[in-house]
Every structure is written in C-alpha cells, then in structure tokens.
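Rule-based calculations on the coordinates, nothing more; no lab input. The shown structure was predicted, so the numbers you read here are calculated from the model rather than taken from an experiment. Because the Cβ atoms are built from the backbone with ideal geometry, glycine has one as well, and the counts that use them run over all protein chains shown.
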Amino acid sequence: MNEMTKLAALLEQAHVPFEMRDHWSDTKQICYPNCENVVCDAVCFPGSYGYSDGLLEIMGLVDEEETGDTVEGWLSADEVFQRIYHHYRGWEPQVT
C-alpha cells in the first residue's frame, strides 16, 4: 500500500471528509475536506517533495514560518493524517 492509499484509508476509517481526484501529473490528489473548499491537499508525483521516497507533499496545514514555504514534503500518510484529523476535530497538536 502506498502512502496516498494509506492516507485515504486512514481518513475513511476516521470518518474525516475528503475527496480524491486525478491530479494534472497523472497521479491522485487528496483534498480535505473537498475539492471546492480545500484546507489541505496531498500529492505524490515526480517533482514533489518526497516523491523519490514515496512520501507525500502537502499544501495547507503547514507552518510557513517554520518551513519557509507554503508546501511541506517528505511526510508519511500518518503524519498528514494527524494534521488533518487534528484540524477536523479542532485540536491543537501536542508539542513534545
């Protein structure tokens, strides 16, 4: 199972709304909560940050001050799921 498929399964199991659509790069894109009102989207395509390792790149739910960018890559499905789930449930992630 690749990271995109795993992310979709995690979101489905948690009953978090999302849509998966075809991305312009002939891959898939996950949009949370939907493709019309995107809070966060995840992709993995040639040229995306993390693609060579099979990891995800997201736009949205990114700390731009920390990353210096509007996107963040090299994320696992579990890491992306945690960000989306915390946003959906209105939780702030715990910093350790």
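Restricting Glu65, Glu79, Glu12, Glu72 to residues that are part of a strand (DSSP E or B) and either of a type in the set (D, E, K, R) or in contact with a helix residue (DSSP H, G or I) (Cβ under 7 Å, 6 or more places away or on another chain) (or both) narrows the list to Glu72.
Taken together, Ser52, Ser25 contain a single residue that is touching a strand residue (DSSP E or B) at 6+ places or on another chain (Cβ under 9 Å) and hydroxyl-bearing (Ser, Thr, Tyr), which is Ser25.
Touching a Lys or Arg at 6+ places or on another chain (Cβ under 8 Å), more than 12 Å from Ile84 (Cα to Cα) and among the polar types (S, T, N, Q): is that true of Gln29 in this structure? Spelling it out, Gln29 is indeed touching a Lys or Arg at 6+ places or on another chain (Cβ under 8 Å), more than 12 Å from Ile84 (Cα to Cα) and among the polar types (S, T, N, Q). If you go through region 18-32 and keep only what is surrounded by fewer than 13 Cβ atoms within 10 Å (Cβ to Cβ), on the phi < 0 side of the Ramachandran plot and in a loop (DSSP other than H, G, I, E, B), you end up with just Trp24. If the condition is being without any contact (Cβ under 8 Å) to a residue 40 or more places away in the chain and assigned to a loop (DSSP other than H, G, I, E, B), then region 38-62 contributes Val38, Phe45, Pro46, Gly47, Ser48, Tyr49, Gly50, Gly60, Leu61, Val62. For Cys35, the requirement of being within 25 Å of Gly90 (Cβ to Cβ) and not in a strand (DSSP E or B) is met. Note on region 40-58: among residues that are more than 21 Å from Glu12 (Cβ to Cβ) and surrounded by fewer than 18 Cβ atoms within 10 Å (Cβ to Cβ), the one that is nearest to the chain's Cα centre (by Cα) is Phe45.
Do you know which of the residues in region 1-26 that are of a type in the set (Asp, Glu) and more than 11 Å from the chain's Cα centre (by Cα) is nearest to His86 (Cα to Cα)? Selected residue: Glu12.
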